[in-house]
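The structure appears below as structure tokens.
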Amino acid sequence: MTLSGAERYGHHGYVGTTLDPKNGPSVAGMRWLTRLADVDDVFRSQDFEQGGGGRRDSGPFVGGSLLSLSGDEHFERRRILSALFRRSMVESFQDDVFAPAFEAALRRCPRGTDGLVRAELQRLIRVPLRRVSAALVGIDGIDRTDAAERYQACVDKMAIGVNLEWVAGDHRRVTDEILPAKERFAAEFFEPSFARRRALVEAVRAGRIERDALPLDLMTLILLHPEHFRRWGTDLPLHEVILVNGAPASIPLGVSHVVSELTEWFAARPEDRALMTEPDFVRRAVFESLRLHPASPFLIRRARRDTRLASGQAFAAGEYVVLDIYTAGRDPEVYGADPERYDPRRAPKLKLRPMGLGFGGGPHTCIGLSLSVGGTSAADDDGPQGIMVWVVSEIYARGVEMDPERPPRFNDVTVRNEYAEFPVIFRKC
């Protein structure tokens, strides 16, 4: 039986917005769109805006950031931030920052008396990813282990705030628990790093140094475009940094689902494990898992005016709607008669949607898509793989398997389908 969105999330005690009633009712009281065509239609339409300021309850953490914008403001912000995701930048983040840090993290994993290396997969990926996050936004001062661990602790806490819309339980209580981590992050990491970049930008404007000497990171871009960012108040630089700094966190969650799905796939088809040396098969394996396990199970939009979708569904101005990303990714009209089944060889009827709508759509396609998964077809083989695809290739080259003695454990704090712990072994390290 297929559950409605309200039914699926209701059993978690999930109620949706609890902070500010003006930002709409609980998601259980909204209309849910489940067909991929309808969800995609809303993504592409100018008649809908990001409901109530993006992910509504996460305003104290990411209010005013890219996620909260629509229309011309969204386009302008996205144009400024796109400099961080040029091909050369993505290649550098993957090859020069993440890859060596991942190799170092793998070497630190313990080897048992049986000769096998054991690790918690998400932490193994998350530790080197913090280097990418810091380089992306411009955080300094995490070279020492103690500072890096304090930074990671803040980031892990703030990630709950960024994703508050999906947290089960009382959002106000959770916010009160997390805000101290935001304050620690601001005082120890954001403010000193931002001050250093402000001094560099001022030196460029005074003619003391060349603009080429500036680092290319989020903080520097914010300082170079004050006329845009000042419109949202003094908290915006910190909020945008929190958002972008935490964005790569979905990569270890996604890799864990890939390994889980491939474990079952290879158990039934052991000969296919040899295909993990083929880039196209790895990409398909990743995309099919993302289709079934999107990082964002649903998103919220609000009608800006009376409007009607191509399917005929009508919405009144101000009406909220839930875009059910999870169900749209299992739409039999697009993915065939068995859309719940994992199949890396699946050929969806819409070739541009092999991974569903987990990365959004239209002008709201995730700006970091290329950093996560590279291109979307074999035609993109000459470009960067994307960190998630790169990691899957690397861990299978090292003989990764789920640890038979330690089963994975799901995270019950959130209605997102994510693991709290995913132990693995490596047979070829």
So between Arg196 and Leu179, what do we pick up on full extension, going 0.36 nm a residue minus the alpha carbon distance?
-> 3.7 nm
Solvent-accessible area, 1.4 Å probe, carbon plus sulfur percent, for the chain | 52 percent
Return the whole-Å distance between the Cα centroid of the stretch 250-306 and the Cα centroid of the stretch 159-227.
-> 31 Å
Potential lengthening between Asp114 and Thr263 on full extension [0.36 nm per residue; Cα-Cα distance subtracted] = 51.5 nm
Is the shape of the stretch 50-111 rounded, prolate or oblate, going by the alpha carbon gyration tensor and its root eigenvalues a ≥ b ≥ c, with a/c under 1.5 for rounded and a/b larger than b/c for prolate?
-> oblate
Expressed in nm to one decimal, what extension gain is obtained for the pair Ala104 and Arg31 from 0.36 nm per residue of sequence separation less their Cα-Cα distance?
-> 21.5 nm
Averaged per residue, what accessible area in Å² does the stretch 255-403 show with a 1.4 Å probe, protein chains only?
-> 39 Å²
Accessible area expressed per residue, the stretch 178-225, with surrounding protein chains retained (probe 1.4 Å, Å²) | 53 Å²
Give me the distance in nm between label points sitting 7 Å out from Cα along the Cα-to-Cβ direction at Arg305 and Ala187, one decimal.
-> 4.9 nm
Under the classification rounded if a/c is under 1.5, otherwise prolate if a/b is larger than b/c and oblate if not, where does the stretch 63-208 fall, given a ≥ b ≥ c as square roots of the Cα gyration tensor eigenvalues?
-> oblate
Just tell me, in residue order, which DSSP H segments of the chain are both 27 angstrom or longer along the helix axis (alpha-carbon based) and at least -1.0 in mean Kyte-Doolittle hydropathy.
-> 250-268
Under 5 Å between amide H atoms, partner at least 5 residues away or on a different chain: which partners does Glu421 have, H built in plane at 1.01 Å?
-> Arg409
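The values are calculated or read from the model by the stated rules, or taken from the named source; none is laboratory data. Small disclaimer: the values here were computed from a predicted structure and weren't measured. Note that each Cβ is placed from the backbone with ideal geometry, even for glycine, and that neighbours are counted across all protein chains shown. Heavy atoms of the whole protein, side chains included, go into the accessibility calculation; ligands, DNA and RNA do not. Shrake-Rupley method; radii C 1.70, N 1.55, O 1.52, S 1.80 Å.
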